[in-house]
1. From largest accessible area down, sort 255, 163, 29; use a 1.4 Å probe on the protein chains.
2. Rounding to the nearest 20 debye, state how big the charge dipole of the range 36-112 is about its Cα centre with +1 on each Lys and Arg Cβ and -1 on each Asp and Glu Cβ.
3. Might you report the magnitude of the Cβ-based charge dipole of the chain about its Cα centre, with Lys and Arg at +1 and Asp and Glu at -1, to the nearest 20 debye?
4. Among 165, 193, what's the order by accessible area (1.4 angstrom probe), most exposed first?
5. Between residue 60 and residue 119, what length in nm is gained on full extension when 0.36 nm per residue of separation is reduced by their alpha carbon distance?
6. For the chain, take the longest principal axis of its alpha carbons; what is the angle in degrees between that and the long axis of helix 234-243, to the nearest 10 within 0 to 90?
7. On full extension of the chain, what length is gained from residue 109 through residue 134, given 0.36 nm per residue of separation minus the C-alpha to C-alpha distance?
8. Please report the carbon-and-sulfur percent of the accessible area for the chain; probe 1.4 Å, protein heavy atoms only, DNA, RNA and ligands left out.
Amino acid sequence: MSTVTRPLAVVTGASNGIGYELAKEFAEHGFDLLITATSSSIREAAQAFEDLGTHVETVEVDLTTYDGVESLYSKIQSIGRPVEAIAINAGVGVGGDFARETSLDDELNLINLNVVSTVHLAKRVVKDMVARGRGRLLFTSSIAALMPGPFEAVYAASKAFVHSFSEGLRNELKDTGVTVTSLMPGPTDTNFFHRAGMDDTKAGSSQKDDPALVAKQGFEALMAGKDAIIAGSVKTKLQGNVSKILPDTVKAEQHRQLTEPGSDH
């Protein structure tokens with residue numbers, strides 16, 4: 001049962017994948033929830049979290065639009081409780097040859113969701129946190145932020161933006177009581193690759209990390225106030241850390257081997 005003593009967490013993109021598992025982590029650690037997604041499946045997720053003993057509010061919004069983000073923030077305000085933590089997680093990928101294959105509409109939609117809505121929602125929520133002198137923000141970036149991303153060039157660039165934004169914001173807020181953490185998973189077992197049209201790539205067909213493990217590590221990093229975490233398996237952590245020292249040209253070629261259409265053969 002909800003009480004005013006329970007902290008409130010907001011999770012975007014919570015109907016499946018990493019977002020679902022992040023919301024579950026919050027629920028299992030005594031948070032009430034406000035969760036969002038673009039489809040009615042969010043209500044099924046809410047029921048699963050309520051079964052864990054938490055109070056859940058839902059909102060179906062399209063965060064690729066200005067009005068969608070404003071609707072979510074209005075919902076936050078209407079609850080009348082401070083946001084202790086927010087996981088700005090909703091995102092999408094687009095795979096394929098930028099010049100000859102992918103859709104401009106899909107890529108602009110990606111930028112609106114992964115970049116524009118992230119800045120928009122953070123702008124609204126972080127002001128309230130700073131005024132209160134406490135709060136936690138978790139941004140879902142990716143290890144793709146650490147390397148050029150052939151055949152998902154716009155996606156990788158969007159995650160580089162999110163990671164840089166997170167790190168810059170963290171430094172600005174270092175004396176405010178508000179912490180910022182960048183969650184950087186590798187290939188994870190969600191519907192991401194299918195939605196991105198990457199089923200025929202080596203990355204799409206290979207073994208992936210458990211989203212529950214990624215979320216657990218991300219939640220723990222958030223609660224510990226860490227700046228960033230490369231989350232997932234030992235292999236993913238190694239890949240991410242090695243990426244920090246390799247030249248971009250080398251990383252781009254390695255990425256290409258994983259994401260080029262037909263590379264699963």
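The values are calculated or read from the model by the stated rules, or taken from the named source; none is laboratory data. Owing to the predicted nature of the structure, the values given are computational and were not obtained by experimental measurement. As a convention, Cβ positions derive from the backbone with ideal geometry for all residues, glycine included, and neighbour counts pool all protein chains shown. Protein only, heavy atoms only, side chains kept; ligands, DNA and RNA dropped before computing areas. Shrake-Rupley method; radii C 1.70, N 1.55, O 1.52, S 1.80 Å.
1. Working: 255 10, 163 35, 29 100 Å².
In descending accessible area the options line up as 29, 163, 255.
2. Values: 4 positive and 14 negative charges, 52 e Å.
Result for the range 36-112 is approximately 260 debye, rounded to the nearest 20.
3. Values: 25 positive and 34 negative charges, 195 e Å.
So the magnitude is around 940 debye.
4. Details: 165 55, 193 20 Å².
Ranked list, largest accessible area first: 165, 193.
5. Details: separation 59, 0.36 × 59 = 21.24 nm, distance 1.93 nm.
Length difference between fully extended and current span is 19.3 nm.
6. 70
7. Numbers: separation 25, 0.36 × 25 = 9.00 nm, distance 3.23 nm.
Between residue 109 and residue 134, full extension yields 5.8 nm more.
8. Values: 6260 of 12180 Å².
On the chain, the fraction of accessible area on carbon and sulfur atoms equals 51 percent.
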